[in-house]
Amino acid sequence: MKNEELKKRDLEVLWHPCTQMKDHETLPLIPIKRAYGVYLEDFEENIFIDAVSSWWVNIFGHTNAYINEKIKEQLNSLEHVILAGFTHEPVVKLSERLVELTPDGLSKCFYSDNGSSAIEVTLKMSYHAHKNDKKIGKDIFVSLTNSYHGETIGALSVGDVELYKQTYEPLLLKTIQTPVPSDTSVTSAKEAAQKFEELCKERSHEISAIILEPLVQGAGYMHMYDREFLVLVREICSRYDVHLIADEVMVGFGRTGELFACESAGITPDFMVLSKGLTGGYLPLSVVLTSDEIYAKFYCDYNEHKAFLHSHSYTGNALACAAANATLDIFEKDNVIEQNRKTAAYMAEKLEKFKGLKNVASIRQTGMICAIDLKGYKSEDRVGLRVYTYALEHGVLLRPLGHVVYFMPPYTITKEEIDRVMDTAYDAISAL
Ligand SMILES: *Cc1c(COP(=O)(O)O)cnc(C)c1O
């Protein structure tokens, strides 16, 4: 049988991400035959609602007819071309649109393949910009406690989730973590900003940039904070000549209720990093947007130490750009942000009843991200795994982060599908 055969062949040759492979001695892999809308279908006619958007990337459903068509169209004329010295229409068009849609002042796009590599690009660009400008490098990056920016060495260095970072500590760059606001109040936003300002007062001459996830720290257990923090940090950065890097890899493209989370605070960062939803969850692509001011620091007669000589083989891949353009078309033609606000309001209603469960410590929500903290368990209880397993048996893909059960579905999810997801999670948590 196909299902059993694939599981067996897989474990012979594959090593899966973020997985203790030995767990698969008891926890079966799930081969997926096809996917459509919010559904994943296996080889035994089970269907699962993808309530985590396949690791937060899928925004308009799987095998979306429109995006499929646009990729196929592109495939007939150009699949890929070297982006050094050459260009193509999909990448030009995408860049024009991103410059138009992102906060005022972001005017140049630099492409890469995934979130982590775009973080590497930004860190190097920030360091290099200061160096070109002042002849001296500022070699410390500041990030927030509990932050996550990916898992390549540089990205891991600015992250602060122990689970991913601890083992590799001796390999990492010099970074400092300043406290993230402890909750969603304006007071804690102000307190945290003050701590950052104190740090700048003392060491801004060494600090290249602060990098943060605006409004929601994703892999940091869906921790949320108020927009006021962004307003204050923007102002502090400008005053101390420290770059502000907004990592919108997860929150970008409508997840929080605005197209970009920075908009909620009305700020323009010096660098904005986008990936995940950029191609609608179809193909790997990421982009760093920055200002003319930063760009100008690299623009001069040829001098091998001044140009930004960073490159990836697949930079600006034409198929990925076509998927991204199709994704932006959907934002343009369907009133996505407005519709997301309605869906988020419905999720908020449904979330209320979790408050009544005795093992629920708290619930929170920003746009189409909802999170539930469970209480009373130790890490060896592996409650996340138990919720995951229960939900799968009931046709829903949830993937809790430790003791945090969260929902981050594709935007195309219907009310009935939300009911199924939330009711299943409710039953799973009740059954613990
Ligand atoms: C996922 C994520 C990254 C890393 O992106 P990859 O494509 O997984 O390398 C970086 N920052 C944030 C906020 C993310 O959620």
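Is at least one residue of segment 326-340 farther than 23 Å from R255 by Cβ and more than 21 Å from the chain's Cα centre (by Cα)? Within segment 326-340, not a single residue is farther than 23 Å from R255 by Cβ and more than 21 Å from the chain's Cα centre (by Cα).
Within segment 268-291, the set of residues being within 14 Å of V91 (Cα to Cα), β-branched (V, I, T) and touching a strand residue (DSSP E or B) at 6+ places or on another chain (Cβ under 9 Å) comprises V287, V288. The residue that is surrounded by the fewest Cβ atoms within 10 Å (Cβ to Cβ), among those in segment 234-247 that are within 16 Å of the ligand (Cβ to nearest atom) and not charged (D, E, K, R), is L244.
Here the condition is being within 16 Å of the ligand (Cβ to nearest atom) and closer than 17 Å to F308 by Cβ; of S95, S107, S117, it holds for S117 alone. Among the residues of segment 379-399 satisfying the criterion of being in contact with a Lys or Arg (Cβ under 9 Å, 6 or more places away or on another chain) and not in a helix (DSSP H, G or I), which is surrounded by the fewest Cβ atoms within 10 Å (Cβ to Cβ)? By that ranking, first place goes to G395. Could you please let me know if E45 is of a type in the set (D, E) and at pLDDT below 95? In short, yes.
Identify the residue in segment 296-310 that is exposed (fewer than 13 other Cβ atoms within 10 Å of the Cβ) and under 20 Å from L83 (Cβ atoms) and, among all such residues, is modelled with the lowest pLDDT. Selected residue: E304. Within the set S126, S143, the sole residue that is within 30 Å of G402 (Cβ to Cβ) and in contact (Cβ under 8 Å) with a residue 40 or more places away in the chain turns out to be S143.
Okay, residues lined up against (1) over 24 Å from V186 (Cα atoms); (2) within 16 Å of the ligand (Cβ to nearest atom); (3) polar (S, T, N, Q); (4) in the same structural domain as A219 (by TED's automatic domain parsing):
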residue	(1), (2), (3), (4)
T279	yes, yes, yes, yes
N317	yes, yes, yes, yes
C321	yes, no, no, yes
L351	no, no, no, no
C370	no, no, no, no
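Here segment 143-168 is the region considered, the condition is being more than 16 Å from the ligand (Cβ to nearest atom) and closer than 30 Å to S188 by Cα, and the residue that is modelled with the highest pLDDT is Q166.
Only one of S362, S430 is at pLDDT 95 or above, in contact with a strand residue (DSSP E or B) (Cβ under 6 Å, 6 or more places away or on another chain) and polar (S, T, N, Q); which?
S362
Residues considered: A65, A35. Of these, the only one that is touching a strand residue (DSSP E or B) at 6+ places or on another chain (Cβ under 8 Å) and free of Cβ contacts under 8 Å to residues at least 60 places away in the same chain is A35.
Number of residues in segment 48-94 that are surrounded by 13 or more Cβ atoms within 10 Å (Cβ to Cβ) and closer than 30 Å to P400 by Cβ equals 17.
Is it true that Q365 is at negative phi and either among the aromatic types (F, W, Y) or within 20 Å of the chain's Cα centre (by Cα) (or both)? Considered against the rule, which asks whether it is at negative phi and either among the aromatic types (F, W, Y) or within 20 Å of the chain's Cα centre (by Cα) (or both), Q365 comes out as yes. If you check E41, E96, which single one turns out to be in the same structural domain as L397 (by TED's automatic domain parsing) and free of Cβ contacts under 8 Å to residues at least 40 places away in the same chain? From the options E41, E96, the qualifying one is E41.
Looking at segment 17-40, is at least one residue under 30 Å from S107 (Cβ atoms), surrounded by 15 or more Cβ atoms within 10 Å (Cβ to Cβ) and among the hydroxyl-bearing types (S, T, Y)? Within segment 17-40, not a single residue is under 30 Å from S107 (Cβ atoms), surrounded by 15 or more Cβ atoms within 10 Å (Cβ to Cβ) and among the hydroxyl-bearing types (S, T, Y). Filtered by the rule that a residue be touching a Lys or Arg at 6+ places or on another chain (Cβ under 8 Å) and either part of a loop (DSSP other than H, G, I, E, B) or surrounded by 19 or more Cβ atoms within 10 Å (Cβ to Cβ) (or both), segment 322-336 gives A322, A323, N325, A326, L328.
The values are calculated or read from the model by the stated rules, or taken from the named source; none is laboratory data. Everything numeric here is computed off the predicted structure, so don't read it as measured data. Don't worry about glycine lacking a Cβ; one is built from the backbone with ideal geometry, like all the others, and counts go over all protein chains shown.
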